[in-house]
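The values are calculated or read from the model by the stated rules, or taken from the named source; none is laboratory data. Predicted model only: the values in this text are computed from it and were never measured. Positions of Cβ are generated from backbone atoms using ideal geometry, with glycine treated the same way; all protein chains shown enter the neighbour counts.
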Amino acid sequence: MEKRDLIVNKATPLGGRIWFSFVLFGLVGQLTWAVENSYFSTYIQQTITADSWATSATVIFSAIFAAAATILGGALMDRIGKRRPFVCFGYILWGLLTMAFALFGNEAYANDARAITLIVIAFVIMDAIMSFVGSFSNDAAFSAWVTDVTDITNRAFVDTVGSIFPLVAMVVILVGFSGYANNGQWALFFAVLGAIPAISGIAGLFIFRDSPSLKPSADKTYLKQISYGFRWENIRDNKMIYICFLGMMFSSIGMQLWMPYMISIIIDTLQVDYVISVVTVILASAGLSIAAGKWMDKYGKSKFYYPVALLGAAGGIVAYGTKFVQGDAVPTTVLLIVGGTFIMSSSLMMAGLFNATARDYMPEGRAGCFQGIKMILVIMMPMVIASLIAPFIIDTVALAPSAEFLLTHPTYATGYLYPHELFLWAGLVTLVVLIPAFFVKKDAKNIRKRKLQELHIVE
């Protein structure tokens, strides 16, 4: 096969039903995760305590329960050869659990250490349960389904489109629902945004379909099914999948260093318009990433790894530059938008690159088993590692709020403002992605050639 033969002129069509299901469940899933990832943290910071331990505890336990759900769920789905019931009924329950957070109410809690601790514990427990169900249905079932219905000619584009769903979700929340949170109507906020996945799950019962090629892939016992991705022989035989997951892990660590604090950084630390900044970053990042996804499928993913990693590092440095123009709204906003666009675009493209490549190496009928490994390396580990690093950065910089600021933001009484250095470290961590990218690039042409031959795409 000549080099020119590796250029794909026409991707395998997915069909309207698959695209509709992908967009509906992908976007709604990220809408619900955005509530959990950004607004749960914001709720704690604004109504309970701004101390970083509370945010970190929520993130860490959410990650652990999400990983457990994906390991157990992915193996079960492969074993019985079905994704549909877990996606549809899972989204219904996921939505109901999100609605339950309305029980916490709208009022800020008294500045009492014991009361705050108990409230945080209750919140963490509910968040862990919600994350378990969400990961079971979204990260295990839905993600495995995407592998089932795509191939090497369309995966980079599909995964890159999927990677912008978190950003689109943030825009939807900002435009349609953030007013509830901004006005302290948290109960209404959680109730409305919980209803959306529940309704989507009901709709999916009539729309969503499993891949016709999906068959049960059962080991002798369920325990062996669960342990499939952890056994040495399977790690050895599928090492490129694990290398791809490591690449995604390093990229995710960078994002998790600042994403849980994003809203508070922009509003409280930078003191610039949150909506304008975030919407601009999201739209610009989405446009760049979708265009890049098309190019990746056409020319091969290997050409994009290094430039994308460097783009993320540059973004972190540019966003860190807001520290030196603090108080001047225009240059602060410009640096935030440019740096944020670089960071976001890099993260989206990196997710599309590594995720699509991992799917290329996925053994037939085993996509579910690997979702647990992916959850541990790509979701849980970054959330845990970043949650341990971020408080250290925050406390080291010790950006103390002013007395005037504390009059309107009492939750910061025993903590610090979230510093600009979180951007810088996010960018620097992204450079570590270059290590797994090196190994993926080495084998990129071989796997692409093999997969194109399997599809009989040879010119």
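Quick notes
- Residue in the range 360-373 that is in a loop (DSSP other than H, G, I, E, B), within 23 Å of the chain's Cα centre (by Cα) and within 15 Å of Ser163 (Cβ to Cβ) present: no
- Criterion (farther than 30 Å from Thr55 by Cα, modelled with pLDDT of 85 or more and buried (at least 19 other Cβ atoms within 10 Å of the Cβ)) met by exactly one of Phe250, Phe208: Phe208
- Only a single item in (1) closer than 24 Å to Pro436 by Cα; (2) of a type in the set (Ser, Thr, Tyr); (3) surrounded by fewer than 21 Cβ atoms within 10 Å (Cβ to Cβ) is not met by Thr333, and it is number (1).
- Qualifying residue in the range 387-404 (condition: farther than 27 Å from Phe132 by Cα and modelled with pLDDT under 75): no
Yes/no matrix, rows are residues, columns are (1) farther than 25 Å from Ala69 by Cα; (2) free of Cβ contacts under 8 Å to residues at least 12 places away in the same chain:
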site	(1), (2)
Met240	no, no
Met255	no, no
Leu270	yes, no
Val278	yes, no
Gly287	yes, yes
Ala314	yes, no
Val330	yes, yes
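- Only helices (runs of 4 or more DSSP H) whose full extent lies in the range 24-105 are considered here, and the ones with at least 2 residues that are at pLDDT 85 or above and under 19 Å from Trp145 (Cα atoms) are 52-80, 84-99.
- Taken together, Ile265, Ile226 contain a single residue that is under 30 Å from Leu424 (Cα atoms) and either crowded, with 21+ Cβ neighbours inside 10 Å or of a type outside the set (Lys, Arg) (or both), which is Ile265.
- Residue among Gly327, Gly315, Gly321, Gly339 that is within 18 Å of Trp258 (Cα to Cα), of a type outside the set (Lys, Arg) and surrounded by fewer than 24 Cβ atoms within 10 Å (Cβ to Cβ): Gly321
- Counted residues, the range 159-177 - those being in contact with a Gly (Cβ under 8 Å, 6 or more places away or on another chain), β-branched (Val, Ile, Thr) and surrounded by 24 or more Cβ atoms within 10 Å (Cβ to Cβ): 1
- Residue within the range 411-421 that is in contact (Cβ under 8 Å) with a residue 12 or more places away in the chain, hydrophobic (A, V, I, L, M, F, W, C), out of contact with any Gly (no Cβ under 8 Å at 6 or more places or on another chain) and under 30 Å from Asp112 (Cα atoms) present: yes
- For the range 108-151, the candidate set comprises residues that are assigned to a helix (DSSP H, G or I) and among the aromatic types (Phe, Trp, Tyr); within that set, the residue that is surrounded by the fewest Cβ atoms within 10 Å (Cβ to Cβ) is Phe123.
- Condition broken by Ser52, with the remaining ones in (1) under 30 Å from Leu407 (Cα atoms); (2) out of contact with any Phe, Trp or Tyr (no Cβ under 6 Å at 6 or more places or on another chain); (3) surrounded by fewer than 20 Cβ atoms within 10 Å (Cβ to Cβ) satisfied: (3)
- Across the range 269-281, the number of residues qualifying as assigned to a helix (DSSP H, G or I) and surrounded by fewer than 22 Cβ atoms within 10 Å (Cβ to Cβ) comes to 7.
- Spans of helices (runs of 4 or more DSSP H) in the range 152-256 with at least 3 residues of a type outside the set (Val, Ile, Thr) and over 22 Å from Val35 (Cβ atoms): 155-176, 222-226, 232-237, 239-256
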